[in-house]
1. Straight-line reach only, C-alpha to C-alpha below 27 angstrom: list the lysines that LYS284 could link to, leaving out same-chain residues fewer than 8 apart.
2. Between GLN228 and ALA208, what's the calculated FRET efficiency when r is the beta-carbon distance and R0 is 51 Å? Round to 0.05.
3. So what is the relative contact order for the stretch 1-119, in percent, with contacts set as C-alpha pairs under 8 Å and at least six apart?
4. Lysines near LYS212 by alpha-carbon distance under 17 Å, same-chain residues fewer than 8 away left out - which ones?
5. Could you give the size of the charge dipole of the stretch 74-185 about its Cα centre, using +1 on the Cβ of each K and R and -1 on the Cβ of each D and E, expressed in debye and rounded to the nearest 20?
6. What helices does the chain have that are whole DSSP H segments, at least 15 Å long along their own axis by Cα, and with mean Kyte-Doolittle hydropathy of 1.0 or more?
7. Between the stretch 128-181 and the stretch 52-99, what's the alpha-carbon centroid distance in Å?
8. Extension gain SER34-TYR68, at 0.36 nm per residue separation less the Cα-Cα distance, in nm?
Amino acid sequence: MEIVSNPLFLIGIGVVVLFIIISALISRYKRCPSDKILVVYGRTGGQSAKCIHGGGAFIWPVIQDYAYLDLKPISIEANLTNALSRQNIRVDVPCRFTIAISTEQESMGNAAERLLGLHHEQIQELSKDILFGQLRLVIATMTIEEINSDRDKFLDNISKNVDTELKKIGLKLINVNVTDIRDESGYIEALGKEAASKAINEAKISVAEQDKIGETGKAVADRERETQIAETHRDRDVKIANTHKDREISIAIAAKDEAIGRADAERDTRIKTSEANAIAVKVKTQQN
């Protein structure tokens, strides 16, 4: 009785009880990893479940519980066979889809209601029905030519239809990959051969046109080269002729200058001779 009434003992018991309560409360706070969605269900304020991506939440004892939804991508092989196109031609469309649980608020609620507790394999099987159905629907609205040649349009139609339906169960489409498309009648193969033949013919025409352009260009280049050579020869001949003419003119001028100089010299000689004779006659006269 003395121990029970001891104040230190009572304080110790109170501390232990308080520690247990705090530990229990702390253990009820659940953090959400980045690759999961925390789903709190039970008494959640009128909602079927409260979904949290990132952060955490306190889980009230007794009235609430929790679970996780995995956000890891799921790869689904959907090899559709005998799908009917708009032309009533049956085709085989091998596809591979990559899906995952969406983190949009509305989609997380759908996932909590319809996928909580399911494994990846179960989600795959549930999704396959949606994927096959939407694939058939898209193929039924398109021609073989559109499916085969306009692959971007085909994939875009698949993405829109599939994503809309997957959203209803809380999933989203990450990627879709379509491999070789085949049909039982060989129509796609015939289109491929026609396209290949057309491409070969266009290539031949292009080569012929390029050869023609090349021959024309060569002829023009040859003509320009011959013209340039002729002009070079003509310029050379003109220069040679001008050089000869200039030399002849120089020779003529030199000969003229020589003749004039000789004539002037002869005139000066005659004048001097005449003057000398006149002087000699005058002297002779004076002597007589």
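Please treat every number below as a calculation from the coordinates, not as lab data. Model, not experiment: these values are computed from the prediction. Cβ coordinates were reconstructed from backbone atoms using ideal geometry, including for glycine residues, and neighbour counts include every protein chain displayed.
1. Hits, sequence-local ones excluded: LYS272.
2. Values: r = 30 Å, r/R0 = 0.59.
Using R0 = 51 Å, I get an efficiency of 0.95.
3. That works out to 20 percent.
4. Here the lysines satisfying the reach criterion relative to LYS212 are LYS204.
5. Details: 13 positive and 18 negative charges, 28 e Å.
So the magnitude is around 140 debye.
6. TM-like helix candidates: 7-27.
7. A separation of 14 Å, based on Cα centres.
8. On the way: separation 34, 0.36 × 34 = 12.24 nm, distance 1.13 nm.
The span from SER34 to TYR68 would gain 11.1 nm if fully extended.
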